[in-house]
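What follows is a single structure, written as structure tokens, with notes after it.
The values are calculated or read from the model by the stated rules, or taken from the named source; none is laboratory data. Values in this document were obtained by computation on a predicted structure and should not be read as measured data. Glycine gets a Cβ as well: all are built from the backbone with ideal geometry, and neighbour counts include every protein chain shown.
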């Protein structure tokens with residue numbers, strides 16, 4: 001019964017979404033306040049309906065209602081509760097419902113907190129946002145209904161893919177979707193502004209927090225996915241430049257660019273047309289990400305079974321939204337006249353360079369990701385683009401970005417003086433290069449990646465510190481320290497996020513340059529030495545889990561005769577899903593991870609054992625967390641909370657003026 | 001004001017064009033090393049690529065050919081029904097790797113043996129890489145149901 005109600009709520013929400021996409025638009029065009037105001041309750045209604053629908057599906061999973069097709073295909077009574085819940089989005093249908101839930105959640109947020117927006121802009125934003133929701137609801141209802149019943153329900157389900165029964169992946173999709181869909185808000189604002197025909201500082205101030213929120217979620221989502229791949233897949237890699245990974249990375253790069261160009265719109269009313277274009281492209285890439293993951297057009301190591309027909313539907317949605325928005329953009333971009341002028345050495349210019357570098361690096365990733373499809377269609381060759389391509393074509397732009405970041409972040413608005421800005425930075429640059437040289441001398445004869453990463457990482461982190469310190473003005477140390485604690489959170493957020501990028505860059509370079517690996521056959525009780533550690537295979541035991549059984553290797557990790565820790569890599573078998581999985585044994589340290597994988601049992605006794613030394617592994621995800629934290633700090637800045645109250649007292653003159 | 005704005009716009013366009021040109025150059029240069037062609041076992045046998053070339057091979061793991069558990073090197077043969085190529089791999093195989101399953105590997109072809117440096121894993125039993133599906137269809141070995149699709153969740 002609840003399931004039918006959930007299905008019914010979904011259909012109702014679709015009807016409301018259709019109404020919300022038309023009525024406020026007409027209202028905004030004709031200047032009818034009541035038609036425009038209708039958008040708010042409709043957005044709330046949509047959210048409640050989809051929320052109920054999602055809750056109904058979750059209920060079906062929690063109670064193991066095996067009359068539902070997707071519950072049978074993705075759940076089992078013996079599965080732990082948390083994976084019953086995460087199973088809701090561990091499949092295509094449920095994940096699309098989650099996607100729509102987030103679309104309407106963001107729409108409802110714009111309705112609830114958008115009180116200080118000009119009425120026409122708000123009506124149009126909600127209208128556009130609702131059209132996105134409507135398109136995906138139509139997609140769900142037409143091609144992938146999660147509430148599909150079975151005529152003869154089985155006694156038990158087929159279990160969720162064991163690889164997905166993992167805390168890292170339980171929360172990876174929701175965060176990623178919050179990021180993807182958060183960009184839909186920037187898209188809606190961009191399209192609404194194009195229809196409206198005006199972009200001003202207030203628009204920039206509105207778009208920024210949404211983009212920032214989306215970027216934070218994307219950062220966390222990507223980091224979770226990378227972390228999961230690292231410890232769960234058993235190859236010890238953190239990034240494979242795989243199409244599915246790139247699909248989430250391109251929106252991240254563009255969201256980062258958008259974040260920075262929206263600052264220029266907000267503070268200086270320049271780069272308007274570019275910012276609008278970025279907002280459209282960023283969401284376009286999010287849609288494309290969904291399409292790539294579901295269409296099966298590109299071969300991915302992370303691919304699950306898929307259905308090309310659904311991909312075509314999403315491609316259609318993509319074409320309508322991005323094509324429509326770009327057409328509108330072409331017609332209206334001329335009206336986005338810039339107000340502020342700036343010198344060629346200024347914060348604005350630095351942000352332009354930041355945007356060019358981020359956009360071009362996204363372009364490189366895009367070419368590398370789509371080239372196999374292009375070559376197949378037009379050149380008739382089946383090929384794949386591997387990591388060497390990205391290492392060579394993508395990395396230079398990140399190096400350039402990290403090099404100019406500390407300088408650009410400290411340049412003043414409007415007109416700057418490079419010499420004066422560089423004065424406090426020179427010692428830091430020297431220090432960073434010295435560290436790089438030291439690292440290079442110590443590692444002798446290994447790739448230059450490590451020293452370069454160390455130099456850039458330190459340079460970016462020190463630069464972020466110098467930026468904060470420069471904000472405290474002059475005078476006695478005590479006074480500056482006191483002022484440091486009183487700086488706006490946005491300043492702290494900026495410095496934190498920048499430092500996080502430095503840490504991530506350093507970790508990625510160090511991990512790639514200094515990792516070590518080994519493979520050998522080991523008898524129980526035998527030991528070997530690897531990267532300065534003595535590793536002993538104590539025994540291999542049979543272990544019984546809640547819905548799996550496993551061979552667990554017990555390894556002792558010792559250094560200089562002292563036992564450091566005990567590692568237990570496993571080979572698990574999930575009988576219901578009929579699938580084996582590999583659980584790596586990882587000793588996480590501050591500077592390095594020791595990573596063991598149990599391989600095949602050998603015919604003459606013993607086991608194949610693969611070992612990796614992963615330096616700085618934790619720094620990689622630590623850096624991502626620091627970046628996300630910086631974003632959060634910035635998002636919680638006083639300005640966003642106070643500005644909303646102030647603007648309400650004096651409604652802008654734009655409120656009553658319809659688009660020409 | 002107007003003149004400065006125009007000058008700035010021209011400068012921005014120049015920077016963007018320079019960045020695009022640089023990236024295009026880098027892309028072209030990187031493609032020489034970064035691209036791995038896909039070859040089916042028949043193609044490898046009829047026109048063996050040079051020993052230096054890194055490429056991808058894909059097909060089905062031939063029944064009875066898989067030797068695992070005899071030292072750290074794993075041996076098997078990959079076939080598309082018409083030809084079969086022996087493969088060696090030093091490492092731990094992906095979880096779903098087995099005889100009569102599809103596989104894709106990256107590596108070099110040295111002295112009639114494909115030395116794989118990487119074996120592609122899949123996360124799901126019903127998934128088959130598109131290249132493998134097409135290679136099997138070409139050799140007439142495809143036994144799927146009509147169209148080369150696999151149903152199921154994401």
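Overview of values
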{"item": "In the range A:347-378, residue surrounded by the most Cβ atoms within 10 Å (Cβ to Cβ) [restricted to those that are touching a helix residue (DSSP H, G or I) at 6+ places or on another chain (Cβ under 9 Å) and more than 21 Å from residue A:246 (Cα to Cα)]", "result": "A:348"}
{"item": "Within the range B:45-62, considering residues that are closer than 17 Å to residue B:111 by Cβ and within 10 Å of another protein chain (Cβ to nearest Cβ), the one surrounded by the most Cβ atoms within 10 Å (Cβ to Cβ)", "result": "B:55"}
{"item": "Residue A:547, sole failed condition from (1) surrounded by 18 or more Cβ atoms within 10 Å (Cβ to Cβ); (2) part of a loop (DSSP other than H, G, I, E, B); (3) touching a helix residue (DSSP H, G or I) at 6+ places or on another chain (Cβ under 8 Å)", "result": "(3)"}
{"item": "Where a residue in the range B:4-16 is more than 8 Å from chain A (Cβ to nearest Cβ) and its partner, wherever it lies, is modelled with pLDDT of 80 or more, with Cβ under 9 Å and at least six apart", "result": "B:7/A:344"}
{"item": "Only listed residue being in contact with a helix residue (DSSP H, G or I) (Cβ under 9 Å, 6 or more places away or on another chain) and modelled with pLDDT under 90, chosen from B:59, B:71", "result": "B:59"}
{"item": "Exclusive hit being within 14 Å of chain B (Cβ to nearest Cβ), more than 17 Å from residue A:229 (Cβ to Cβ), touching a strand residue (DSSP E or B) at 6+ places or on another chain (Cβ under 8 Å) and crowded, with 19+ Cβ neighbours inside 10 Å, set A:597, A:609", "result": "A:609"}
{"item": "For residue A:414: the one exception among (1) within 14 Å of another protein chain (Cβ to nearest Cβ); (2) surrounded by fewer than 20 Cβ atoms within 10 Å (Cβ to Cβ); (3) part of a helix (DSSP H, G or I)", "result": "(3)"}
{"item": "Selection count where residues are within 11 Å of chain B (Cβ to nearest Cβ), more than 14 Å from residue B:38 (Cα to Cα) and out of contact with any strand residue (DSSP E or B) (no Cβ under 7 Å at 6 or more places or on another chain), scope the range A:368-388", "result": "2"}
{"item": "Qualifying residues in the range A:232-251 (those that are under 18 Å from residue A:393 (Cβ atoms) and in a loop (DSSP other than H, G, I, E, B)) - the one farthest from the other protein chains (Cβ to nearest Cβ)", "result": "A:239"}
{"item": "Filter result (closer than 15 Å to residue A:510 by Cα and either more than 33 Å from the chain's Cα centre (by Cα) or loosely packed, with under 12 Cβ neighbours inside 10 Å (or both)) within the range A:428-439", "result": "A:437, A:438"}
{"item": "Selected residue (only one of B:65, B:23, B:77, B:42 is without any contact (Cβ under 8 Å) to a residue 24 or more places away in the chain, more than 8 Å from chain A (Cβ to nearest Cβ) and either outside any loop (DSSP other than H, G, I, E, B) or farther than 18 Å from residue A:388 by Cα (or both))", "result": "B:77"}
{"item": "Breaking point among (1) at the interface with chain B (Cβ under 8 Å from one of its Cβ atoms); (2) under 30 Å from residue A:420 (Cα atoms); (3) within 23 Å of the chain's Cα centre (by Cα); (4) free of Cβ contacts under 8 Å to residues at least 40 places away in the same chain, for residue A:344", "result": "(3)"}
{"item": "Test: residue in the range A:4-20 that is in the same structural domain as residue A:113 (by TED's automatic domain parsing), outside any helix (DSSP H, G or I), farther than 20 Å from residue A:108 by Cα and out of contact with any helix residue (DSSP H, G or I) (no Cβ under 6 Å at 6 or more places or on another chain)", "result": "no"}
{"item": "Selection count, the range B:26-37, where residues are part of a helix (DSSP H, G or I) and surrounded by fewer than 17 Cβ atoms within 10 Å (Cβ to Cβ)", "result": "4"}
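Condition check ((1) in contact with a strand residue (DSSP E or B) (Cβ under 9 Å, 6 or more places away or on another chain); (2) surrounded by 15 or more Cβ atoms within 10 Å (Cβ to Cβ); (3) outside any helix (DSSP H, G or I); (4) modelled with pLDDT under 90) across all residues:
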| site | (1), (2), (3), (4) |
| --- | --- |
| A:399 | no, yes, no, no |
| A:407 | no, yes, no, no |
| A:421 | no, yes, no, yes |
| A:426 | no, no, no, no |
| A:452 | no, yes, no, no |
| A:456 | no, yes, no, no |
| A:460 | no, yes, no, no |
| A:464 | no, yes, no, no |
